[in-house]
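We did not get these values from a lab; they are worked out from the coordinates using the rules stated. These numbers were taken from a predicted model, which means no experiment stands behind them. Virtual Cβ from ideal backbone geometry, glycine too; neighbours counted across all protein chains shown.
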Amino acid sequence: TFDVTFTTAGHNVPSTLYGLMYEDINHSGDGGLYAELIQNRAFQQVTPGTSAALTAWAALGSAKISVVASSSPVSSALPNALSFAVPSGTTSTVGFTNSGYFGIPVTAGWTYTGSFYYRTPTPPSTKVSGSFTADLRSTSGTVFTSTTVPFTTSSTWQQATFTFTASSTQSAVTNLFALSVGGSTVAGLTMEFTLISLFPPTFNGRTNGFRMDLSETLLDMKPAFFRFPGGNNLEGETAADRWAWENTVGDLVDRPGRVGDWGYINTDGLGLYEYLQWIEDMDMQPIMAVYAGYSLNGASVASNDMQTYITEAINQINFVIGDASTNAQAAIRSSMGHPDPFTLNYIEIGNEDFFSPTTYADYRWADLYNALHAEFPQLHYIATSATSGNVPSLSPAPTYWDLHIYSNPNFFVNGAYNFDILSRNGLQFFQGEYATTTENSGAALTYPFIDGSIAEAAYMAGFDRNSDIVFAASYAPLLNHVSSTQWTPDLITFSPNTVIRSTSYYVQQLYSLYKGDFYLTSTTNTASSPVQWSVTRDTSAGQYFLKVINTATSANTVVFTLPFTPSHTTGTGTILTAASGTQNTPTNPNAAVPSSFSFTAGKTITYNAPGLSLSVLVVTA
Ligand SMILES: O=S(=O)(O)O[C@H]1C[C@H](O)[C@@H](O)[C@@H]1CO
């Protein structure tokens, strides 16, 4: 039995404590949160004439399709186009299909919004007019919804737009988007297409917006912040490949895309503006990274070449918070629909710069911090070259540090007091990435498992307890498309039409929902104890959240002694628990989900915590 006495003494819990780490990994962005359904929609960053350039595209009928460098590109950012050549004499239906990001969901009642650019490089002397049919169909050709799109041959680019509404829901996602036309209409013609786009309804109905079910899944966690755009995906393989904010704003036709750092092309259709608008819609605040001159090939920008990136970072921040009436970057923001500044308090300078500590310490941190702090003194700047609370020395000395740790359950069980032992010297910590990534045996994990998730919960009791110096924490990675994975485990796994909440998702959700605003000091425990606890309070609601974490496989009893007598004798709690090894997977998505229970409340509360469990007992004063 663990006897826990808590007092009314303690400290504030920062509103920023629990949030989300994001980067475009495992198709978290393109094919995930970004709602665009067409993969390789603008043939960005591909080599014309290669089969890879045609990823996700296939011809219909006797048409010949290939990716070409257009002789008259739709924009300098999008030099490539799909060439669609129809042999003379063709009479049957011709066209092309796109298979989406490993599938396309067909959902009853959804109105899809589509568009494409097209032209006929060498139009016939007598203009040809006709109609394309745009549709969603199964791979066997069953059409679920369609509409016609009139066209007239022209050597100049035209943009067509259309909508159609699905009347049925298909459980299969192996569906295709198709554009087709009667062969006799276009026989002998060669046409070019690009930026072929199809959106489902989006979160908050935003144009060029986010996928609804994934957004709702994240909203259910009430996350306080969103760290973006990376993670490794900020850094590029080289400086030239970095995430550069300016290439991600403005009209889609002006965004070149880039080769991302997780093995696939990023369209950057999900760009800085879209991130910020969604973060605002989701009641979060950004923790925004700026490129700090280190890239994944290990090279650092030379000291006397840093100015380009300092200016870029200043411009990036001005895009977010600048005055649109006086600042050019802020004016772009305003022109995109947000004249007022977005909320911004935290800037992360680089990512995992412990891979390049010398250049970070010698000049990269100071160059960026000094310039940004001078320009924006009200923002907080987060350094990234530490892995634990024993931070390296940098000048100027950072106040905020981002720490990352991926390990096994034992690390998190034994490390539960890692922050208690740190001296309070003004430093503030962001546990920006953490997760149980292997079993104690070292076996890799494809999905989180209850043993690791409850170990994470033990470690997170340390975030509550030390939230005087831990201002933010987020599990990583956040998202994983089940058909295109570079890193496991992940908090949430999804397919084109399903979302699987892992056991670690529920741990993150419970800590975030029951964060409270004040931590109450209680009986000191020891690291590596099988049981950890945390007591926080929602002061305005007069509610106390008694969290009990039992990392042992057998039950353990905790007896709480309260500094008051609750106003009720029965309390309601929420528990996540499962047998060792349990995972929520695509085939068993609800193997372990939280459930509620009631308990007897009084000046003392005896709680028998099941093995491998996180419980939150809610007590009303
Ligand atoms: O290979 S790692 O450095 O472990 O990559 C990790 C750390 C990096 O910030 C993030 O992008 C990635 C997965 O979350």
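Work out the P(r) tail for segment 94-186: percent of alpha carbon pairs separated by more than 24 Å, whole number.
Value for segment 94-186: 25 percent of Cα pairs lie more than 24 Å apart.
Express as a percent, rounded to the nearest 5, the fraction of DSSP beta bridges in the chain (both residues included) that run antiparallel.
Antiparallel bridges: around 75 percent, rounded to the nearest 5.
Scaled to the compact-protein estimate 2.2 N^0.38 Å, what is the alpha-carbon radius of gyration of segment 16-66, rounded to two decimal places?
1.64
Rg and Dmax of segment 433-531, Cα atoms, in Å?
Spelled out, the Cα radius of gyration and Dmax of segment 433-531 are 14.9, 47 Å.
When the scattering of segment 202-244 is computed by the Debye formula from its Cα atoms alone, each counted once and equally, what is log10 I(q)/I(0) at q = 0.19, 0.20, 0.22, 0.23 Å⁻¹?
With one equal scatterer per Cα and no solvent, log10 I(q)/I(0) is -0.76, -0.79, -0.83, -0.84.
Kindly rank 556-563, 524-531, 610-617 from highest to lowest mean number of other beta carbons found within 10 Å of each residue.
Top of the packing list down: 610-617, 556-563, 524-531.
Working from the pairwise distances between different alpha carbons, so that the mean of 1/r is found and then inverted, what is segment 331-471's Kirkwood radius in Å?
Computed over segment 331-471, the radius equals 17.0 Å.
Within the chain, how many lysine pairs that are 8 or more places apart, or on different chains, have C-alpha atoms less than 30 Å apart?
Final tally of qualifying lysine pairs is 6.
Across segment 133-220, what fraction of all alpha-carbon pairs, as a whole percent, falls in each successive 5 Å bin from zero upward?
For segment 133-220, the pair-distance distribution reads 3, 10, 17, 19, 20, 14, 9, 5, 2, 1, 0.
State the three equivalent ellipsoid semi-axes of segment 27-95, derived from the C-alpha gyration tensor as the square roots of 5 times its eigenvalues, in descending order and whole Å.
Ellipsoid half-lengths, sorted descending, are 24, 16, 10 Å.
Using alpha carbons only, how many degrees (0 to 90, rounded to 10) separate the axis of helix 365-375 from the longest principal axis of the chain?
Tilt relative to the chain: about 80 degrees.
What FRET efficiency would be calculated for the residue pair Thr55, Thr523, taking the C-beta separation as r and a Förster radius of 45 Å, to the nearest 0.05?
0.15
In what sequence do Lys515, Lys127, Lys222 fall when counting other Cβ within 10 Å, fewest first?
Lys127, Lys222, Lys515
Among Thr142, Thr185, which comes first, then next, by fewest other beta-carbon atoms within 10 Å?
Thr142, Thr185
Treat the count of other C-beta atoms within 10 Å as a stand-in for reagent exposure and order Met212, Met282 from fewest to most.
Sorted ascending by nearby Cβ count, the order is Met212, Met282.
Once you wrap a convex hull around the alpha carbon atoms of segment 1-152, what is its projected area averaged over all directions, in nm²?
Mean projected area for segment 1-152: 17.8 nm², to one decimal.
Packing-wise, with mean Cβ within 10 Å as the measure, how do 190-197, 238-245, 319-326 rank, highest first?
Peptide ranking by packing, descending: 190-197, 238-245, 319-326.
Give the angle, between 0 and 90 degrees and rounded to the nearest 10, that separates the Cα long axis of helix 503-513 from the longest principal axis of the Cα atoms of the chain.
Roughly 70 degrees between the two axes.
Share of antiparallel DSSP beta bridges in segment 97-205, in percent to the nearest 5?
Taking every DSSP beta bridge within segment 97-205, about 95 percent pair in antiparallel fashion.
Give the angle, between 0 and 90 degrees and rounded to the nearest 10, that separates the Cα long axis of helix 307-321 from the longest principal axis of the Cα atoms of the chain.
80 degrees
Rg over Rh of the chain, using C-alpha atoms and the Kirkwood radius, what does it come to?
1.02
How many percent of DSSP beta bridges within segment 461-539 run antiparallel, rounded to 5?
Of the beta bridges lying entirely in segment 461-539, close to 65 percent run antiparallel.
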